Amino acid sequence: MQTLRGLHTHALTGRVFAWLGQYEVEGTEVRWQAWIERDGRPVDRIEGRTVFNSADMTADKAVTVGVHSRIDAADYDDL
């Protein structure tokens, strides 16, 4: 499995989340999981599958888009 990490600012709240992800490529799909943190505290664990079949979409980009969209869709207001 490949690893990837990043930061994402929530689209609505402006809160910054750190994440660490692992992924595996299966043809034109990437299966991923990520651990989300805020201020050094674990917040969530998410997973997904993403298709990346265009010439400019790499596995890293597909995972990043998937993780960021899931963070934006989550309700982390109680943190």
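The values are calculated or read from the model by the stated rules, or taken from the named source; none is laboratory data. The model shown is predicted, which means the values in this text are computed figures rather than measured ones. Backbone-built Cβ (ideal geometry, glycine too); neighbour counts: all protein chains shown.
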For this session: Among the residues of the range 10-19, count how many are out of contact with any Asp or Glu (no Cβ under 8 Å at 6 or more places or on another chain) and either hydrophobic (A, V, I, L, M, F, W, C) or more than 17 Å from residue 46 (Cβ to Cβ) (or both).
Result: 2
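Tally up the residues in the range 15-38 that are over 15 Å from residue 75 (Cα atoms) and touching a residue at least 24 places away in the same chain (Cβ under 8 Å), please.
Here is the first cut: in the range 15-38, the residues over 15 Å from residue 75 (Cα atoms) are 18-35.
After this cut, where a residue has to be touching a residue at least 24 places away in the same chain (Cβ under 8 Å) as well, the list is 19, 21, 23, 25, 28, 30, 32, 34.
Qualifying residue count for the region: 8.
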Exercise. Counting only residues that are in contact with a Phe, Trp or Tyr (Cβ under 7 Å, 6 or more places away or on another chain) and aliphatic (A, V, I, L, M), which one in the range 8-43 is surrounded by the fewest Cβ atoms within 10 Å (Cβ to Cβ)?
Worked result: 20
For this session: Consider only pairs whose beta carbons are under 7 Å apart and that are at least six residues apart or on different chains; among these, list those whose first residue lies in the range 1-14 and is touching a residue at least 60 places away in the same chain (Cβ under 8 Å) and closer than 13 Å to residue 38 by Cα and whose second residue is of a type in the set (Phe, Trp, Tyr) and part of a strand (DSSP E or B).
Result: 6/19; 8/17; 8/19; 10/17
Problem set entry | Residues of the range 44-60 classified as at pLDDT below 95 and surrounded by 15 or more Cβ atoms within 10 Å (Cβ to Cβ), total | 5
For this session: Kindly check whether there is at least one residue in the range 60-73 that is among the acidic types (Asp, Glu) and closer than 15 Å to residue 1 by Cβ.
Result: yes
For this session: Please list, ordered by first then second residue, the pairs with beta carbon atoms under 7 Å, 6 or more apart or interchain, first in the range 60-79 and under 12 Å from residue 32 (Cβ atoms), second small (Gly, Ala, Ser).
Result: 63/21; 64/6; 66/48; 67/21; 67/34; 70/48
